[in-house]
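Below is one structure; the comments refer to it alone.
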Amino acid sequence: NGTETYKFFKFSATQLGDGFQMGEFWINAQAHNYAENAELRVEATCTKDGQVVYECDDCHALLSKPIEKAPHTYVDGVCKVCSAKIAEVTLLPTRGGDNTPYYAKFRYAEGVSDAEYVDIEEGWNTVDFNDSEWGELMMPLGSFGPYHTRWIGEYNTFWFRRDFFIEDPSVIAKLTFKAVHDDDYTVFVNGTKVVHENGWTDGENDWRVIDVDPSLLVAGQNVLAVYVEQNFGGAYCDFGLEAKVAAPIAVGETGYATFVAPFDVDFTGADVTAHAATLNGKYVKLSDPVTKVPVGTAVIVKANEGTYRVPVTTDAVNNIANELLASDGVTADGTQYILANVDSKAGFAQATPASVIPAGKGYLVIAGGSEVKAFYPFEETETAIKSLTPALSEGEGAIYNMAGQRISKLQKGVNIVSGRLVIMRYIKPAFKIEEAQVVSMLAESLPIDGKTTVDGGAALTKESDWAIWDDDEE
(Lines give C-alpha, C1' and ligand atoms only; values in the text may rest on other atoms or scores of the structure.)
Protein backbone atom coordinates (compact mmCIF):
# COMPACT_ATOMS: atom_id res chain seq x y z
CA ASN A 1 0.00 0.00 0.00
CA GLY A 2 3.03 2.25 -0.26
CA THR A 3 3.36 2.75 3.49
CA GLU A 4 5.75 -0.13 4.21
CA THR A 5 9.43 -0.57 3.27
CA TYR A 6 10.21 -3.82 1.42
CA LYS A 7 13.55 -5.23 0.35
CA PHE A 8 13.31 -8.91 -0.69
CA PHE A 9 10.98 -11.89 -1.21
CA LYS A 10 11.26 -15.43 0.11
CA PHE A 11 9.80 -18.84 -0.88
CA SER A 12 10.34 -22.61 -0.38
CA ALA A 13 10.15 -25.36 -3.04
CA THR A 14 9.51 -29.10 -2.56
CA GLN A 15 10.09 -31.53 -5.45
CA LEU A 16 7.09 -33.75 -6.12
CA GLY A 17 7.59 -36.15 -9.01
CA ASP A 18 8.13 -34.11 -12.11
CA GLY A 19 7.18 -30.82 -10.51
CA PHE A 20 7.62 -28.59 -7.48
CA GLN A 21 5.27 -27.51 -4.71
CA MET A 22 5.75 -23.90 -3.71
CA GLY A 23 5.29 -22.79 -0.12
CA GLU A 24 5.93 -19.84 2.19
CA PHE A 25 5.74 -17.51 -0.74
CA TRP A 26 6.39 -13.99 0.65
CA ILE A 27 6.47 -11.62 -2.27
CA ASN A 28 6.74 -8.52 -0.07
CA ALA A 29 8.84 -9.47 2.94
CA GLN A 30 9.59 -6.39 5.09
CA ALA A 31 13.13 -4.94 5.20
CA HIS A 32 15.58 -5.85 7.96
CA ASN A 33 15.30 -4.04 11.26
CA TYR A 34 18.99 -3.48 11.97
CA ALA A 35 20.54 -2.35 15.26
CA GLU A 36 24.21 -2.19 16.19
CA ASN A 37 25.65 -5.23 17.95
CA ALA A 38 28.20 -3.64 20.31
CA GLU A 39 29.82 -7.00 21.13
CA LEU A 40 30.91 -7.46 17.51
CA ARG A 41 32.29 -3.93 17.07
CA VAL A 42 36.01 -3.64 16.25
CA GLU A 43 37.58 -0.24 16.88
CA ALA A 44 39.87 1.28 14.26
CA THR A 45 43.57 1.83 14.94
CA CYS A 46 46.13 3.91 13.08
CA THR A 47 47.21 0.82 11.11
CA LYS A 48 43.93 -1.02 10.57
CA ASP A 49 40.32 -0.19 9.70
CA GLY A 50 37.71 -1.01 12.29
CA GLN A 51 34.25 -2.51 11.81
CA VAL A 52 30.78 -1.77 13.11
CA VAL A 53 28.35 -4.67 12.90
CA TYR A 54 24.55 -4.40 12.73
CA GLU A 55 22.17 -7.29 13.49
CA CYS A 56 18.57 -7.63 12.37
CA ASP A 57 16.25 -7.86 15.37
CA ASP A 58 13.86 -10.10 13.38
CA CYS A 59 16.01 -12.62 11.51
CA HIS A 60 19.49 -11.93 13.04
CA ALA A 61 21.09 -11.25 9.67
CA LEU A 62 24.38 -9.34 10.03
CA LEU A 63 25.54 -6.24 8.17
CA SER A 64 29.04 -4.79 8.62
CA LYS A 65 30.44 -1.38 7.70
CA PRO A 66 34.09 -0.27 7.91
CA ILE A 67 35.40 2.34 10.35
CA GLU A 68 38.15 4.48 8.80
CA LYS A 69 41.66 4.18 10.27
CA ALA A 70 42.35 6.46 13.23
CA PRO A 71 45.05 9.14 12.92
CA HIS A 72 48.52 8.51 14.30
CA THR A 73 49.23 9.81 17.80
CA TYR A 74 52.68 11.36 17.48
CA VAL A 75 54.99 12.06 20.42
CA ASP A 76 58.38 13.50 19.44
CA GLY A 77 57.68 12.48 15.86
CA VAL A 78 56.91 8.82 16.67
CA CYS A 79 53.43 7.33 16.88
CA LYS A 80 53.00 5.95 20.41
CA VAL A 81 50.59 3.30 19.08
CA CYS A 82 52.42 1.79 16.10
CA SER A 83 55.88 3.48 16.28
CA ALA A 84 55.49 4.98 12.80
CA LYS A 85 57.82 7.94 12.27
CA ILE A 86 56.40 11.11 10.87
CA ALA A 87 57.65 12.34 7.50
CA GLU A 88 54.68 13.32 5.37
CA VAL A 89 51.38 14.34 6.88
CA THR A 90 47.92 14.49 5.35
CA LEU A 91 46.33 17.41 7.14
CA LEU A 92 43.08 17.19 5.17
CA PRO A 93 42.59 14.11 2.96
CA THR A 94 41.13 13.97 -0.52
CA ARG A 95 39.09 10.94 -1.61
CA GLY A 96 42.30 9.05 -2.41
CA GLY A 97 42.60 5.97 -4.58
CA ASP A 98 39.96 4.08 -2.61
CA ASN A 99 37.37 6.86 -2.88
CA THR A 100 37.20 7.38 0.88
CA PRO A 101 34.60 10.01 1.80
CA TYR A 102 35.27 13.03 3.98
CA TYR A 103 33.10 15.90 5.18
CA ALA A 104 33.17 19.67 4.70
CA LYS A 105 31.02 22.47 6.07
CA PHE A 106 29.18 24.20 3.19
CA ARG A 107 26.85 26.93 2.00
CA TYR A 108 25.11 26.94 -1.39
CA ALA A 109 23.56 29.57 -3.65
CA GLU A 110 22.10 29.75 -7.14
CA GLY A 111 23.99 31.84 -9.69
CA VAL A 112 27.62 32.60 -10.38
CA SER A 113 29.76 35.73 -10.40
CA ASP A 114 32.30 37.32 -12.76
CA ALA A 115 34.47 38.12 -9.72
CA GLU A 116 37.12 35.72 -8.43
CA TYR A 117 34.90 34.97 -5.46
CA VAL A 118 31.96 36.32 -3.48
CA ASP A 119 31.77 36.46 0.32
CA ILE A 120 28.71 34.50 1.37
CA GLU A 121 29.19 35.91 4.88
CA GLU A 122 31.78 38.28 6.32
CA GLY A 123 34.88 36.38 7.45
CA TRP A 124 33.61 33.04 6.10
CA ASN A 125 37.17 32.03 5.11
CA THR A 126 38.83 32.87 8.47
CA VAL A 127 39.59 30.56 11.38
CA ASP A 128 37.48 32.50 13.90
CA PHE A 129 34.30 32.36 11.82
CA ASN A 130 31.37 30.58 13.48
CA ASP A 131 30.15 27.95 10.98
CA SER A 132 27.79 26.16 13.38
CA GLU A 133 24.83 27.11 11.18
CA TRP A 134 26.46 25.75 8.01
CA GLY A 135 25.47 22.37 6.62
CA GLU A 136 27.79 19.37 6.32
CA LEU A 137 28.39 17.65 2.99
CA MET A 138 29.93 14.27 2.20
CA MET A 139 32.72 14.86 -0.32
CA PRO A 140 33.69 14.69 -3.16
CA LEU A 141 30.87 16.61 -4.78
CA GLY A 142 30.31 16.01 -8.49
CA SER A 143 28.14 15.31 -11.50
CA PHE A 144 30.62 12.75 -12.90
CA GLY A 145 33.36 10.41 -11.71
CA PRO A 146 33.64 9.03 -8.16
CA TYR A 147 31.59 11.31 -5.90
CA HIS A 148 29.69 10.90 -2.64
CA THR A 149 27.25 13.78 -3.16
CA ARG A 150 25.79 14.52 -6.57
CA TRP A 151 26.16 18.08 -7.86
CA ILE A 152 22.76 18.94 -9.34
CA GLY A 153 21.99 21.82 -11.66
CA GLU A 154 24.05 24.49 -13.40
CA TYR A 155 25.20 28.00 -12.64
CA ASN A 156 25.42 27.58 -8.89
CA THR A 157 28.06 28.14 -6.23
CA PHE A 158 29.41 26.38 -3.12
CA TRP A 159 31.45 27.72 -0.21
CA PHE A 160 33.41 25.10 1.79
CA ARG A 161 35.27 25.10 5.11
CA ARG A 162 37.52 22.36 6.55
CA ASP A 163 39.15 22.82 9.96
CA PHE A 164 42.40 21.20 11.12
CA PHE A 165 44.64 21.45 14.19
CA ILE A 166 48.43 21.90 14.31
CA GLU A 167 50.31 21.92 17.61
CA ASP A 168 53.59 23.30 16.24
CA PRO A 169 53.51 24.83 12.74
CA SER A 170 57.29 25.43 12.77
CA VAL A 171 57.86 21.76 11.84
CA ILE A 172 55.96 22.17 8.56
CA ALA A 173 58.59 22.61 5.85
CA LYS A 174 56.34 22.22 2.82
CA LEU A 175 52.59 22.74 2.52
CA THR A 176 50.70 21.53 -0.56
CA PHE A 177 47.10 22.08 -1.68
CA LYS A 178 45.59 19.37 -3.92
CA ALA A 179 42.37 19.69 -5.85
CA VAL A 180 40.24 18.52 -8.74
CA HIS A 181 37.87 21.34 -9.69
CA ASP A 182 35.15 22.03 -12.26
CA ASP A 183 34.73 24.98 -12.67
CA ASP A 184 36.34 28.20 -11.29
CA TYR A 185 37.64 28.14 -7.74
CA THR A 186 39.45 30.27 -5.14
CA VAL A 187 41.32 28.87 -2.14
CA PHE A 188 42.11 30.44 1.25
CA VAL A 189 44.23 29.34 4.23
CA ASN A 190 43.27 31.15 7.43
CA GLY A 191 41.70 33.95 5.41
CA THR A 192 44.63 34.52 3.02
CA LYS A 193 43.99 33.80 -0.67
CA VAL A 194 46.53 31.29 -1.97
CA VAL A 195 45.21 30.53 -5.46
CA HIS A 196 42.43 31.39 -7.94
CA GLU A 197 41.96 29.57 -11.23
CA ASN A 198 39.34 29.73 -13.95
CA GLY A 199 38.17 26.70 -15.89
CA TRP A 200 38.50 23.10 -14.86
CA THR A 201 40.87 20.19 -14.48
CA ASP A 202 40.80 17.39 -17.04
CA GLY A 203 38.73 14.77 -15.29
CA GLU A 204 38.49 13.52 -11.74
CA ASN A 205 42.12 12.30 -11.64
CA ASP A 206 43.79 15.43 -13.01
CA TRP A 207 45.06 16.85 -9.72
CA ARG A 208 46.16 20.45 -9.31
CA VAL A 209 49.08 20.53 -6.87
CA ILE A 210 49.93 24.00 -5.52
CA ASP A 211 52.60 24.99 -2.98
CA VAL A 212 51.29 27.07 -0.07
CA ASP A 213 53.39 29.24 2.26
CA PRO A 214 53.68 27.30 5.58
CA SER A 215 53.97 30.59 7.48
CA LEU A 216 50.20 31.02 6.99
CA LEU A 217 49.65 28.27 9.56
CA VAL A 218 49.18 29.04 13.24
CA ALA A 219 49.49 26.96 16.39
CA GLY A 220 46.07 25.52 17.17
CA GLN A 221 43.02 25.65 14.94
CA ASN A 222 43.40 26.42 11.21
CA VAL A 223 40.96 26.47 8.30
CA LEU A 224 41.10 25.67 4.59
CA ALA A 225 38.28 27.49 2.76
CA VAL A 226 37.29 26.98 -0.90
CA TYR A 227 34.90 28.88 -3.18
CA VAL A 228 33.86 26.93 -6.28
CA GLU A 229 31.21 27.58 -8.93
CA GLN A 230 29.69 25.64 -11.80
CA ASN A 231 29.33 27.75 -14.92
CA PHE A 232 29.59 25.28 -17.82
CA GLY A 233 29.05 21.58 -18.44
CA GLY A 234 30.06 19.13 -15.72
CA ALA A 235 30.79 19.91 -12.07
CA TYR A 236 33.27 18.45 -9.59
CA CYS A 237 35.08 19.41 -6.37
CA ASP A 238 37.59 17.38 -4.34
CA PHE A 239 40.28 19.13 -2.30
CA GLY A 240 42.75 18.57 0.56
CA LEU A 241 45.95 19.71 2.21
CA GLU A 242 49.23 17.81 2.67
CA ALA A 243 52.46 18.70 4.44
CA LYS A 244 56.07 17.61 4.66
CA VAL A 245 57.68 17.91 8.04
CA ALA A 246 61.19 19.18 8.80
CA ALA A 247 63.10 19.98 11.96
CA PRO A 248 63.85 23.70 12.46
CA ILE A 249 67.37 24.49 13.67
CA ALA A 250 68.51 27.94 14.86
CA VAL A 251 72.25 28.68 14.78
CA GLY A 252 73.66 31.77 16.51
CA GLU A 253 76.54 34.04 15.58
CA THR A 254 79.13 31.61 17.00
CA GLY A 255 78.27 29.17 14.21
CA TYR A 256 77.42 26.35 16.66
CA ALA A 257 74.25 25.06 18.32
CA THR A 258 73.06 21.92 20.05
CA PHE A 259 70.09 20.14 18.52
CA VAL A 260 67.94 17.24 19.65
CA ALA A 261 66.18 15.55 16.74
CA PRO A 262 62.38 15.62 17.28
CA PHE A 263 62.13 12.81 14.73
CA ASP A 264 64.52 11.02 12.36
CA VAL A 265 66.23 13.71 10.27
CA ASP A 266 68.57 13.66 7.27
CA PHE A 267 71.35 16.27 6.98
CA THR A 268 72.42 15.07 3.52
CA GLY A 269 72.85 18.11 1.28
CA ALA A 270 71.71 20.51 4.01
CA ASP A 271 73.37 23.88 4.62
CA VAL A 272 74.11 22.80 8.18
CA THR A 273 76.27 19.89 9.38
CA ALA A 274 75.69 17.64 12.38
CA HIS A 275 78.42 16.18 14.63
CA ALA A 276 78.67 13.84 17.58
CA ALA A 277 80.71 15.10 20.53
CA THR A 278 83.15 13.30 22.85
CA LEU A 279 85.49 14.53 25.58
CA ASN A 280 89.14 14.24 24.54
CA GLY A 281 91.29 15.24 27.50
CA LYS A 282 91.08 19.01 27.81
CA TYR A 283 89.07 19.43 24.60
CA VAL A 284 85.69 18.46 23.18
CA LYS A 285 86.17 16.57 19.95
CA LEU A 286 83.60 16.74 17.18
CA SER A 287 83.08 13.80 14.86
CA ASP A 288 83.07 13.93 11.11
CA PRO A 289 79.69 15.12 9.81
CA VAL A 290 76.88 12.63 10.33
CA THR A 291 73.95 12.51 7.93
CA LYS A 292 70.99 10.66 9.39
CA VAL A 293 70.22 11.39 13.05
CA PRO A 294 67.64 9.28 14.95
CA VAL A 295 64.83 10.80 16.96
CA GLY A 296 65.88 11.90 20.45
CA THR A 297 69.60 12.08 19.58
CA ALA A 298 71.55 15.21 20.58
CA VAL A 299 74.19 16.56 18.17
CA ILE A 300 76.30 19.67 17.59
CA VAL A 301 75.31 21.56 14.46
CA LYS A 302 77.59 23.94 12.56
CA ALA A 303 76.53 26.61 10.09
CA ASN A 304 76.45 30.32 9.47
CA GLU A 305 74.06 32.25 11.67
CA GLY A 306 70.46 31.64 10.66
CA THR A 307 67.51 29.24 10.85
CA TYR A 308 67.62 26.01 8.87
CA ARG A 309 65.14 23.21 8.19
CA VAL A 310 66.39 19.64 7.94
CA PRO A 311 64.10 17.15 6.20
CA VAL A 312 62.63 14.16 7.95
CA THR A 313 63.61 10.60 7.13
CA THR A 314 62.40 7.21 8.37
CA ASP A 315 65.54 5.07 8.49
CA ALA A 316 68.07 6.78 10.78
CA VAL A 317 70.19 4.44 12.92
CA ASN A 318 72.12 5.47 16.04
CA ASN A 319 75.57 4.01 15.34
CA ILE A 320 77.97 6.85 16.26
CA ALA A 321 80.03 7.36 19.42
CA ASN A 322 78.41 10.31 21.11
CA GLU A 323 78.64 11.59 24.69
CA LEU A 324 76.22 14.44 24.11
CA LEU A 325 72.96 13.93 26.01
CA ALA A 326 69.49 15.25 25.22
CA SER A 327 67.93 17.43 27.90
CA ASP A 328 64.29 17.02 28.89
CA GLY A 329 64.55 19.92 31.33
CA VAL A 330 67.50 18.67 33.41
CA THR A 331 68.43 20.64 36.55
CA ALA A 332 72.20 21.17 36.66
CA ASP A 333 74.11 19.83 39.67
CA GLY A 334 77.61 20.95 38.69
CA THR A 335 78.50 18.07 36.40
CA GLN A 336 76.57 19.29 33.35
CA TYR A 337 78.30 21.34 30.66
CA ILE A 338 76.46 23.37 28.05
CA LEU A 339 77.48 25.00 24.77
CA ALA A 340 79.13 28.37 25.37
CA ASN A 341 81.50 30.90 23.84
CA VAL A 342 84.40 31.91 26.12
CA ASP A 343 87.12 34.35 25.00
CA SER A 344 85.95 33.93 21.40
CA LYS A 345 86.31 30.15 21.63
CA ALA A 346 83.36 27.81 21.30
CA GLY A 347 83.08 24.82 23.57
CA PHE A 348 81.28 23.56 26.67
CA ALA A 349 81.17 25.49 29.95
CA GLN A 350 79.98 24.29 33.32
CA ALA A 351 76.26 24.98 33.77
CA THR A 352 75.34 27.01 36.84
CA PRO A 353 74.18 24.59 39.57
CA ALA A 354 70.40 24.55 40.05
CA SER A 355 69.85 26.10 36.62
CA VAL A 356 67.59 24.27 34.17
CA ILE A 357 68.95 23.10 30.82
CA PRO A 358 66.05 23.67 28.37
CA ALA A 359 64.42 20.66 26.79
CA GLY A 360 65.61 20.07 23.26
CA LYS A 361 69.20 21.15 24.01
CA GLY A 362 72.28 18.96 24.27
CA TYR A 363 74.73 18.82 27.18
CA LEU A 364 77.76 16.88 28.41
CA VAL A 365 78.28 15.31 31.83
CA ILE A 366 81.86 15.71 33.08
CA ALA A 367 82.70 14.46 36.55
CA GLY A 368 86.17 14.25 38.04
CA GLY A 369 86.44 16.26 41.22
CA SER A 370 89.08 18.97 41.44
CA GLU A 371 90.67 18.09 38.10
CA VAL A 372 87.74 19.16 35.98
CA LYS A 373 87.84 22.52 34.23
CA ALA A 374 85.16 25.16 33.96
CA PHE A 375 85.44 25.24 30.15
CA TYR A 376 86.35 22.70 27.48
CA PRO A 377 86.88 24.27 24.04
CA PHE A 378 86.45 22.39 20.82
CA GLU A 379 89.62 20.61 19.80
CA GLU A 380 92.01 22.99 18.02
CA THR A 381 92.48 20.70 15.06
CA GLU A 382 88.73 20.73 14.40
CA THR A 383 88.41 22.59 11.10
CA ALA A 384 86.01 22.93 8.26
CA ILE A 385 88.42 21.09 5.92
CA LYS A 386 88.85 17.35 6.54
CA SER A 387 91.05 16.59 3.52
CA LEU A 388 92.79 18.43 0.74
CA THR A 389 90.54 18.35 -2.28
CA PRO A 390 91.94 18.85 -5.78
CA ALA A 391 90.48 22.35 -5.82
CA LEU A 392 92.54 23.26 -2.76
CA SER A 393 95.73 21.80 -4.20
CA GLU A 394 95.69 23.63 -7.53
CA GLY A 395 97.98 26.54 -8.24
CA GLU A 396 101.50 27.13 -6.91
CA GLY A 397 101.31 29.55 -4.02
CA ALA A 398 97.50 29.36 -3.64
CA ILE A 399 96.42 30.07 -0.03
CA TYR A 400 93.19 28.94 1.61
CA ASN A 401 91.82 29.23 5.14
CA MET A 402 90.29 26.27 6.93
CA ALA A 403 86.80 27.25 5.83
CA GLY A 404 87.90 26.47 2.29
CA GLN A 405 87.95 30.13 1.21
CA ARG A 406 90.81 31.40 -0.90
CA ILE A 407 92.69 34.27 0.79
CA SER A 408 95.27 36.74 -0.50
CA LYS A 409 97.80 36.47 2.33
CA LEU A 410 98.79 34.21 5.19
CA GLN A 411 96.79 34.44 8.41
CA LYS A 412 97.77 33.56 11.94
CA GLY A 413 96.64 29.99 12.64
CA VAL A 414 96.16 27.20 10.11
CA ASN A 415 96.49 27.87 6.39
CA ILE A 416 96.63 25.68 3.28
CA VAL A 417 99.48 26.65 1.01
CA SER A 418 99.97 24.87 -2.31
CA GLY A 419 98.00 21.93 -0.99
CA ARG A 420 99.89 21.64 2.34
CA LEU A 421 98.79 22.51 5.85
CA VAL A 422 100.78 25.42 7.32
CA ILE A 423 100.48 26.66 10.91
CA MET A 424 101.36 30.31 11.59
CA ARG A 425 101.97 31.19 15.25
CA TYR A 426 103.19 34.63 16.28
CA ILE A 427 105.69 35.06 13.45
CA LYS A 428 107.27 38.12 11.96
CA PRO A 429 110.03 38.47 9.35
CA ALA A 430 113.32 39.97 10.60
CA PHE A 431 113.55 41.98 7.41
CA LYS A 432 111.22 42.95 4.63
CA ILE A 433 110.43 40.09 2.29
CA GLU A 434 108.00 39.65 -0.58
CA GLU A 435 104.82 37.65 0.11
CA ALA A 436 105.54 35.19 -2.70
CA GLN A 437 108.88 34.33 -1.10
CA VAL A 438 107.20 33.68 2.25
CA VAL A 439 104.73 31.30 0.64
CA SER A 440 107.49 29.37 -1.05
CA MET A 441 109.56 29.18 2.12
CA LEU A 442 106.71 27.92 4.30
CA ALA A 443 105.47 25.42 1.78
CA GLU A 444 108.88 23.80 1.69
CA SER A 445 109.58 23.93 5.41
CA LEU A 446 106.21 22.83 6.85
CA PRO A 447 104.74 19.85 4.99
CA ILE A 448 102.16 18.13 7.26
CA ASP A 449 100.79 14.63 6.77
CA GLY A 450 97.35 15.45 8.19
CA LYS A 451 97.97 13.48 11.40
CA THR A 452 100.99 15.15 12.99
CA THR A 453 100.56 18.42 14.89
CA VAL A 454 103.48 20.74 14.15
CA ASP A 455 104.49 23.71 16.29
CA GLY A 456 104.67 26.44 13.68
CA GLY A 457 106.95 28.63 15.81
CA ALA A 458 109.52 25.88 16.39
CA ALA A 459 109.55 24.91 12.74
CA LEU A 460 110.14 28.48 11.65
CA THR A 461 113.27 28.83 13.79
CA LYS A 462 114.99 26.64 11.24
CA GLU A 463 114.83 29.58 8.85
CA SER A 464 117.57 32.04 9.83
CA ASP A 465 115.73 34.95 8.26
CA TRP A 466 112.84 34.78 10.78
CA ALA A 467 112.51 35.93 14.38
CA ILE A 468 109.99 34.43 16.85
CA TRP A 469 108.16 36.24 19.65
CA ASP A 470 106.38 34.94 22.78
CA ASP A 471 102.72 35.63 23.44
CA ASP A 472 103.68 38.54 25.69
CA GLU A 473 106.17 39.95 23.20
CA GLU A 474 103.64 39.69 20.42
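The values are calculated or read from the model by the stated rules, or taken from the named source; none is laboratory data. The model shown is predicted, which means the values in this text are computed figures rather than measured ones. Every residue, glycine among them, receives a Cβ derived from its backbone with ideal geometry; neighbour counts consider all protein chains shown. Side chains included, ligands, DNA and RNA excluded: accessible areas come from the protein's heavy atoms. Shrake-Rupley method; radii C 1.70, N 1.55, O 1.52, S 1.80 Å.
Okay, here's what the table says:
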| read-out | value |
| --- | --- |
| Additional length obtainable on full extension of the chain from Glu116 to Val372, 0.36 nm per residue less Cα span | 85.2 nm |
| Ordering of 238-245, 307-314, 185-192 by packing [mean C-beta count within 10 Å, highest first] | 238-245, 185-192, 307-314 |
| Distance in nm between pseudo-label sites at Val342 and Thr90 (7 Å out along the Cβ direction from Cα) | 5.4 |
| 30 Å Cα-Cα threshold exceeded, pairs from Lys65/Lys105; Lys302/Lys373; Lys48/Lys193; Lys69/Lys178; Lys282/Lys302 | Lys48/Lys193 |
| Local electrostatic count, Pro248, Cβ distance below 11 Å [Lys/Arg +1, Asp/Glu -1] | 0 |
| Where N is the number of residues in region 195-293, Cα Rg divided by 2.2 N^0.38 Å | 1.80 |
| Heavy atoms of Ser344: accessible area, 1.4 Å probe, square angstrom to 10 | 110 |
| Lys174, Lys65, Lys302, reordered so the largest accessible area comes first (probe 1.4 Å) | Lys65, Lys174, Lys302 |
| Backbone HN-Hα couplings from phi across region 147-158 [Karplus 6.51/-1.76/1.60, Hz, Gly and Pro as x] | 10, 10, 9, 7, 8, 9, x, 10, 6, 9, 9, 10 |
| Under 10 Å, Cβ to Cβ, from Ala35 - net charge with Lys/Arg +1 and Asp/Glu -1 | -3 |
| Separation in nanometres of the label points that stand 7 Å from Cα toward Cβ, at Ala31 and Gln221 | 3.6 |
| Solvent-accessible area, 1.4 Å probe, carbon plus sulfur percent, for region 102-193 | 47 |
| Ser215 - accessible surface, heavy atoms, 1.4 Å probe, Å² rounded to 10 | 90 |
| Modelled FRET efficiency - R0 51 Å, Asp315 with Glu43, Cβ distances, 0.05 increments | 0.95 |
| Nonlocal amide H pairs with Phe232, under 5 Å, H built at 1.01 Å | Tyr155 |
| Probe 1.4 Å - accessible area at Val372, Å² to nearest ten | 40 |
